[in-house]
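Everything on this sheet refers to the single structure shown next.
Every read-out reported here was derived from the displayed coordinates using simple, explicitly stated rules and does not represent laboratory data. For clarity, every value in this text was computed on a predicted model and none was experimentally measured. Positions of Cβ are backbone-derived with ideal geometry, glycine not excepted, and every protein chain shown enters the neighbour counts.
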Amino acid sequence: VLPEPRFEHRHRGEHTAAADIDSRPKLTDTWCGYLEAAGREIVRALQWEPTAFPHFTEDGQWRLLSVEARSRWDGDVYYPGNWTAGFWFGMCWLRGVSSGDDTAAVLALGRLDTLVTRAEDSTTQDLGFLFQPSFVLAESIGLIDTELVWPAHAAARMIGHRFNHAGRYLQALGPIGDARFATTSTIDTMMNLPLLWWASARAADPRLFEMARQHARTSARLLLREDGSSYQLSEHDPVSGALHGRSPSSAETACQSRGQAWAACGFAWAYAATGEPELLAAAERALAYFARILPEDGVASWDLADVNADGPRDSSASAIAALALVILGRFHPDPAHRVELDGQGADLLIRLGVDCLNRDERVHGILLHSCYSKPHGWGVDGATGWGDFYYGLALALATGQVTAEVALGFSPTQLQS
Ligand code: GLY
């Protein structure tokens with residue numbers, strides 16, 4: 001049995017000298033660096049078609065993707081379509097929360113309608129990524145009125161149609177009921193559940209809450225290995241829903257760091273929503289595994305089992321894991337542990353700022369050294385829409401720029417009463 005490592009043990013070591021700690025940036029400096037980089041992104045966005053949004057960068061330039069791009073197969077290659085446009089909106093709201101500059105919010109509000117048709121998209125489970133950082137966060141911050149948030153409710157209901165009652169999971173990928181996908185569940189869906197937690201709180205819809213809770217429980221039981229690492233996919237019997245098999249994200253990958261981070265953060269969010277000890281334990285196990293393999297600079301390798309120091313890294317995975325730490329730092333039942341988790345989250349955010357926060361206006365994006373997909377060769381060593389957003393959300397929560405209720409979209413007492 002391996003000892004349970006803590007984030008602080010891995011990144012200190014010889015760096016614990018008092019002088020080193022004193023010379024490190026503070027969390028507020030990192031947040032200011034984020035706001036500056038976000039400000040440059042707003043200026044850049046003025047040049048774009050209003051229906052195209054940052055997906056990932058290559059050679060320091062955004063690859064923009066139409067919000068209308070739907071998931072599809074081309075031969076044997078699956079293209080997930082645009083699951084990332086919502087993150088740009090979230091980044092804009094975050095830029096506005098403490099900068100005193102409403103340019104970003106005004107620009108983003110003017111483009112919000114471009115997302116609306118995706119609320120009826122039955123080809124993907126990733127509607128949570130599209131609608132939670134955009135409509136839901138805007139409503140939680142108070143930028144849009146409750147009656148304008150109906151597309152996010154529609155998107156939540158659409159995800160609900162993916163629920164497989166026999167297997168108690170939400171169908172991964174692909175059109176609802178498509179035989180190629182109807183029997184699959186993926187760890188990534190854990191981070192689409194926040195849309196369902198929010199919708200069930202706002203609309204007092206116990207049905208959506210129950211689907212999200214069942215999916216989270218199934219994922220905790222089937223998609224985490226004994227050591228806390230995650231599978232990417234589970235496959236189920238089409239009739240009974242029983243487990244048939246599990247697999248990582250590709251044949252060469254043991255455990256993709258981003259999937260692991262989606263697990264940690266998705267379970268932390270699910271614990272905040274449900275208060276269920278099983279989901280807290282799942283979040284802690286996923287985080288402990290992440291900590292065990294995290295290099296000293298805080299930037300995860302794309303594949304957590306990749307011992308090759310030159311392999312692709314994915315800072316977006318580390319940013320998502322940092323958000324998990326900060327969320328548990330608010331909601332862990334043990335007050336002493338809350339303080340510890342919050343400190344570990346802040347420390348990871350600072351370390352990411354040192355190596356990955358973009359300070360060069362010629363280079364696009366905010367959080368550098370992410371990787372979308374190593375096997376596809378997509379966005380290797382660049383910025384990503386989700387890395388930029390979740391890094392900002394974690395920083396905003398850790399620095400108190402937004403409350404936990406705003407960041408999550410609900411107050412736990414609202415859902416658990
Ligand atoms: N669709 C989520 C991801 O690629 O991580």
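Summary of computed values
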| quantity | calculated |
| --- | --- |
| Relative contact order for region 221-336, counting Cα pairs under 8 Å that sit 6 or more residues apart, in percent | 26 percent |
| Contact order relative to length of region 350-393, as percent, for alpha carbon pairs under 8 angstrom and 6 or more apart | 29 percent |
| Theoretical gain in end-to-end length, residue 240 to residue 361 [0.36 nm per residue, Cα-Cα removed] | 38.1 nm |
| Residues 330, 162, sorted so that the one with the fewest Cβ neighbours within 10 Å comes first | 330, 162 |
| Order of 122, 257 - criterion: other Cβ atoms within 10 Å of each residue's Cβ, fewest first | 122, 257 |
| Candidates per trypsin sites (Lys or Arg not before Pro) in region 216-248, loop by DSSP, up to 16 other Cβ within 10 Å | 225 |
| Net lengthening on full extension, residue 404/residue 305 (0.36 nm per residue, minus Cα-Cα) | 32.4 nm |
| Rounded Å value of the spacing that divides the Cα centres of region 221-238 and region 86-157 | 31 Å |
| Built amide H within the under 5 Å cut-off of residue 300, gap 5+ | 314, 318 |
| Within the chain: Cβ-based charge dipole about Cα centre, in debye rounded to nearest 20 (Lys, Arg +1; Asp, Glu -1) | 700 debye |
| Exposed GluC sites (Glu not before Pro) absent - longest run of the chain, DSSP non-H/G/I/E/B, at most 13 other C-beta within 10 Å | 1-225 |
| Least to most buried among 117, 189 (fewest other Cβ within 10 Å first) | 117, 189 |
| Shape category assigned to the chain from the gyration tensor of Cα positions, a/c cut at 1.5 | rounded |
| Contact order normalised by residue count of the chain, Cα under 8 Å, 6+ apart, percent | 19 percent |
| Value at 222 nm in deg cm²/dmol, rounded to 500, when DSSP H runs of n ≥ 4 in the chain each add -39,500 (n - 2.57) | -15000 deg cm²/dmol |
| Residue-span extension gain [residue 226 to residue 116] - 0.36 nm each, minus C-alpha spacing | 35.5 nm |
| Interatomic Cα distance distribution for region 81-219, bins of 5 angstrom, percent | 2, 11, 21, 22, 18, 12, 8, 4, 1, 0, 0 |
| Nitroxide proxy distance, nm - points 7 Å out along Cα→Cβ at residue 47 and residue 338 | 4.6 nm |
